[in-house]
Amino acid sequence: MSFKLLSSEIIDEGLCQGCGLCAGHCKHIEMDKTRPKLKDYCMLERDGLDCGKCYINCPQVKQKKFKDKKPLNVYSLRSKDPNILKKAANGGVVTTLAKYLLDTEVLKELVMVQEKDEKPRADVVTSGKQAVENAGVIYGRSGVLEKLVNLVGETQEPIGIVGVPCEMRGAADVEKEMKRKILKIGLFCNSHMRGAHTESGIVNSPCCNGCPSGTNARGYISLIRQGKYQEAVDLIRETNPLPSVCGRICTNECEHGCTMITSEDHPIAIRELKKFVTEWEIKEDESKSKTKKKPKLEGKKVAIIGSGPSGLTAAYFLSKMGYAPTIFEKSDAAGGMLRFGVPQFRLPNYVLDHDVAMITDEGVKIEYNTPFGPNLTLEDLKKDGFEATFIATGQYKPRTLKLKGEDLPGVHVAINFLMERKYRFWDRKEEFKGKTIGIIGGGPVAVDCGQTALRLGAKEVHLVDIINEKQLELTLKDIPEKEKPFMKYHFTSSTAEITQNKDKQLVMNCHMIEWGKPGEDGRSPINKVKGSEFQILVDSIVIAVGQAVDFDQIDIATDNKIEKDHNRIKVNEVTFETNIPGVFAGGDIIANSKAVAIAAIAHGKEAALSIDRYLRGDDLVKGRYKQEKMFFTGPKKPPKDYSLKPETLEQATEEIKWSFDEIDELFNEEMAVQEAKRCLSCNHFCSHCQDFPAIYSDLTAGEVGSQKGYTTVVTWTKRGKEIMTQAIKKGLFEQGQVDIDAINEAINIKSQRELLTFEKTPREQVLNYITMKGPVTISEIAKALELEPKKARYEALRLQQLQEVEMKIDPVKDEPTFNLKCEE
């Protein structure tokens, strides 16, 4: 059981979780970008020495059943150190404890995760000051066990380690094998992040937790790795019926929390993989003669107002539940802003058409040219037998800044500019030839307008925005490198008015701004920088400062009864129900909406669950909670790193083409599989691990069981108990109330999981066969197990060397027999 076996069965197959247990058990292994590799040689392969520790201790191969262990003490604590509390996610207990142990020299060195270059890194901490300075990082895979093994070999001084349960298990093994006392400070399993399936014990990966719709990226990437492309798309559709669309225009928040960011590597290109696999499905469907499913009209009727991403999603899931949803769409095509606002070069029509067809194939009916308003009201829908309604009409009313000169010829608003050039003036390919375009605004819609103008002949585009380059990083990242020279940004600048010069050319009269300190309402004033005025001469101007909800028709349709908040529909942020019973809303139209497609999809999915409960007479809220990731909670910070495209794809993407063909190319199959193999399948093993409280540690800390701002601490050994008793006596902490029931519930949920079962190794197969059928010969083993005789002989002889079986010479047979070794 050499490192070669670990590589072939676990690492190369993409099953490695990057936990570092193998490196913790063998000094010849090191972690490289969260993957184990040999530093020099494998003892078994070079010297033939019996080892196999890397293989047999891999969590994917050997798992330990949870042992019910009674804690010695349980506390709820909060640090009294204000500097630590500034950085702490909860009570700051681990950092306070680390500082105390190092300052009092109870420990000389402590292996723990610290913040290095804004990323979690395993480090050997030698002082309390160091522990505090680099605290406050989100825990991530970082090789603490590898650091521990190296440290054990270098010093005889008292040492400790901080880590999650699987790392504590490894540290306990190191402690036993190396006969060293190691203080083990465990953390409650950090995969126990509350999600839609937490109550059933299912653990999500960071990418899944980052997705507003909860799409199982870990799962579908694993299927891509195995070449199961249709299964991958089917898995995406379990939470998102617009996978092809999202492969193009999703804000890919899933990538921002990717574990690979914590390593020296880049995050997995999740959106590109989704794009690859959905494009594969589109091509497969084109080559097949599809038989459409019959509409499901037998269930209760539900009205969906609007066929944007939220409306399509709600209809899809309601149809899957057995209801009869009908979408009422004001235009002659489905898709909402995806159809009319997003340019073809970012979202080709055939991609949207495919997803819409998959939705209608589920029995969803769409009534086109049927606007919500005086001719279609809530009362009309009730009379027609619709028992619930979901409003998802989006935002089509353009916003302006009410500047002087907005009514001048050549001044456009973004939504009309994009819609007209996508479906009416698309053939005017030289509309802006040689002209300069000015855009007020610098966000994604402003970029769409600028790129559209460039494709219609513009020589350059000036974008004026009141925020800085760092705040626009996510938007700028999506502009192809070779297009950026044509898109000239003026950051922290404002347009005061629009005028015309004597040659009738438009003039953007601008000035620099600076942000003042936030007032009582939380808003920061915008102050003009004196003497910073400047002008930009342009031929056309587009105002791209957002859209608003047009309530004129909605108010008529709802008899002015629907409640609003900041000119959007007010909903219960758990159920998406409005103040009118049986009427729900989602997408850009609701208060605190993120105004991105994936959030609208999430709203539609949650609303469908609520409508199902409403029609069944069940409690709409029970067992559910507000999911912050579905709502706007402030400007989104850029991630610490971005996914990369393979070099060939990057070059294809950057090749400048002033056409309305799609900007980005696709992963080919080889690229996609290669990228999928980089994925760690985070928390896949954690979904089956039974050890939530890290029972192999001396003490464990975590948030479960304490109120916000406090940390729960559980002591498991006398040493752990003594340390906590002394720290509390020193006055380092203030105590809170412990919720034992919450802790027990978390422990019970995980401890009842089924351990994973894996395909047995050849050696295990040979041992099992000998146990059941022995005495047997090599020929019999090879034939029964379909192994090469050479392989069967090797495994049987190795089992004999390990004294698990015995070999006897039978004079009647031409070859020796193997039988289970009997105890003397």
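Taking a sphere under 10 Å around the Cβ of Leu102 and counting the other residues whose Cβ falls inside, with K and R at +1 and D and E at -1, yields a net charge of 0. Using the average count of surrounding beta-carbon atoms within 10 Å as a protection proxy, the listed peptides 503-511, 331-339, 317-325 rank, highest first, as 317-325, 331-339, 503-511. Normalised per residue, the accessible area of the range 445-568 is 53 Å², obtained with a 1.4 Å probe and no contribution from ligands, DNA or RNA. Here the range 324-468 yields Rg over Rh of 1.05, to two decimals, using C-alpha coordinates and the Kirkwood radius. For the Cα atoms of the chain, what angle does the longest principal axis make with the long axis of helix 144-154, in degrees from 0 to 90, nearest 10? Approximately 40 degrees, to the nearest 10.
Looking at the chain only, what percent of DSSP beta bridges run antiparallel? Nearest 5 please. Mind dumping the intermediate values first?
Details: 51 of 95 bridges.
Here the antiparallel bridges make up roughly 55 percent for the chain.
Spin-label model, Tyr625 to Asp559: label points 7 Å out along the Cα-to-beta-carbon direction sit 3.9 nm apart. Give Lys561/Lys637; Lys482/Lys570; Lys422/Lys504; Lys176/Lys629 a once-over and call out the pairs whose C-alpha atoms are over 32 Å from each other. Over 32 Å apart, Cα to Cα: Lys561/Lys637; Lys482/Lys570; Lys176/Lys629.
Ordering Tyr396, Tyr368 by how much accessible area each has at a 1.4 Å probe, largest first, what is the list? Intermediate results must be reported in sequence, preceding the final value.
Details: Tyr396 55, Tyr368 90 Å².
Listed by decreasing accessible area, they come as Tyr368, Tyr396.
For the range 692-737, go through all pairs of different Cα atoms, get the mean of 1/r, take its inverse, and jot down that Kirkwood value in Å. Mean inverse Cα-Cα distance, inverted, gives 11.2 Å. With respect to the chain, whose longest principal axis is taken over its alpha-carbon atoms, helix 270-286 is tilted by about 70°. Between Thr400 and Leu802, the modelled labels are 7.9 nm apart [label points 7 Å from Cα along Cα→Cβ]. Each peptide among 175-185, 585-595 gets the average number of other Cβ atoms lying within 10 Å of its residues, and from highest to lowest they stand as 585-595, 175-185.
The packing ranking of peptides 23-30, 155-162, 514-521, highest mean first, is 23-30, 155-162, 514-521, where packing means the average number of other beta carbon atoms within 10 angstrom of each residue.
PRE reach from Gln726 (point 7 Å along Cα→Cβ): which of the range 72-104 fall under 14 Å by backbone N? Zone members listed by number: 97-104. Given axes a ≥ b ≥ c from the Cα gyration tensor, I'd like to know whether the range 508-566 is rounded (a/c under 1.5), prolate (a/b larger than b/c) or oblate. Verdict is oblate for the range 508-566. For Kirkwood radius over Cα pairs in Å, computed directly from the structure shown, the correct entry in (i) 27.9; (ii) 30.3; (iii) 29.6 is (ii). Per residue, the accessible area of the range 316-426 comes to 43 Å² when a 1.4 Å probe rolls over the protein heavy atoms.
Computed extension gain for Ile56 through Lys429, at 0.36 nm per residue and net of the alpha carbon distance, reaches 127.8 nm. The angle separating the long axis of helix 349-360 from the principal Cα axis of greatest extent in the chain is about 70 degrees.
The Rg/Rh ratio of the range 440-594, with both radii computed over alpha carbons and Rh defined as the Kirkwood radius, is 1.06.
Can you give the calculated 222 nm mean residue ellipticity of the chain, where each DSSP H run of n ≥ 4 adds -39,500 (n - 2.57) and the sum is split over every residue, rounded to the nearest 500 deg cm²/dmol? Can you show the working numbers first?
Working: 31 runs with 280 residues, N = 824.
Calculated from helices alone, the mean residue ellipticity at 222 nm is -9500 deg cm²/dmol.
Surface listing: Leu680, Leu401, Leu785 arranged by accessible area from highest to lowest gives Leu401, Leu785, Leu680, probe 1.4 Å. For Tyr75, the shell of other residues with beta-carbons less than 15 Å away shows a net charge of 0, using +1 for Lys and Arg and -1 for Asp and Glu.
On the accessible surface of the chain, probed at 1.4 Å, how many percent belong to carbon and sulfur atoms? Carbon-and-sulfur percentage of accessible area, whole number: 49. With K and R counted +1 and D and E -1, the other residues having a Cβ less than 14 Å from that of Gly546 yield a net charge of +1.
The values are calculated or read from the model by the stated rules, or taken from the named source; none is laboratory data. Bear in mind that the values here come from a model prediction, so they are computed numbers and not experimental data. Note: ideal-geometry Cβ built from the backbone for every residue, glycine included; neighbour counts use all protein chains shown. Ligands, DNA and RNA are stripped out before the accessible areas are found, and what is left, the full protein with its side chains, is counted by its heavy atoms. Shrake-Rupley method; radii C 1.70, N 1.55, O 1.52, S 1.80 Å.
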